[in-house]
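First the structure, in the form of structure tokens, and then the observations on it.
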Amino acid sequence: MHADPQTGKGYQRVKYRRVRDEASDEVTETPVRTRVRPWWLEDKDGTIIVWIKYGNQTLELAKGKTAIRVKDRQELVKTFETVREAVRAGEFDTHITNAVGTFKTRFGK
């Protein structure tokens with residue numbers, strides 16, 4: 001469980017899994033807590049280092065640079081909003097295409 005960037009309180013995602021009882025043929029949904037890994041890390045000096053990921057792979061934003069450094073939690077939220085706008089504008093398409101290509105080569109496809 002990790003902290004929400006705005007409130008600092010813990011957050012854990014809950015998914016629902018369907019289970020069928022074979023005797024009565026009844027389907028019930030049970031909550032299952034899943035682990036959510038944060039995309040940021042607080043440094044010793046109080047700044048926050050943010051990674052942008054596609055799946056479990058960190059994207060290289062510039063040559064040799066895979067992270068963004070922000071000064072506090074409010075700026076972290078603004079950074080995520082800026083990244084969301086950039087993704088919607090298609091600015092990350094080449095980064096994602098490269099990540100998919102390297103993912104496929106690991107499996108020999």
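Quick look at the numbers
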| item | result |
| --- | --- |
| Potential lengthening between residue 24 and residue 103 on full extension [0.36 nm per residue; Cα-Cα distance subtracted] | 24.1 nm |
| On Cα atoms only, tilt of 73-88 relative to the major axis of the chain in degrees | 80 degrees |
| Helix-only CD estimate at 222 nm, as mean residue ellipticity for the chain, using -39500 (n - 2.57) per DSSP H run (n ≥ 4) | -9000 deg cm²/dmol |
| Residues whose placed amide H lies under 5 Å from that of residue 66, excluding near-sequence neighbours | 61 |
| Spacing of the two label points (7 Å from each Cα toward its C-beta) at residue 66 and residue 16, in nm | 3.7 nm |
| Mean Cβ neighbour count within 10 Å, used as a protection proxy, ranking 42-54, 81-93 highest first | 42-54, 81-93 |
| HN-Hα J in Hz across segment 95-105 - Karplus 6.51, -1.76, 1.60, θ = phi - 60°, x for Gly and Pro | 5, 5, 4, 5, 5, 5, x, 5, 5, 5, 5 |
| Per residue, the convex hull volume that the Cα atoms of the chain enclose (Å³) | 179 Å³ |
| For peptides 71-78, 29-36, sequence by mean Cβ density within 10 Å, most packed first | 71-78, 29-36 |
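Values in this text are rule-based calculations from the coordinates and carry no lab data. Everything numeric in this text was worked out from a predicted model, so none of it was measured. Positions of Cβ are generated from backbone atoms using ideal geometry, with glycine treated the same way; all protein chains shown enter the neighbour counts.
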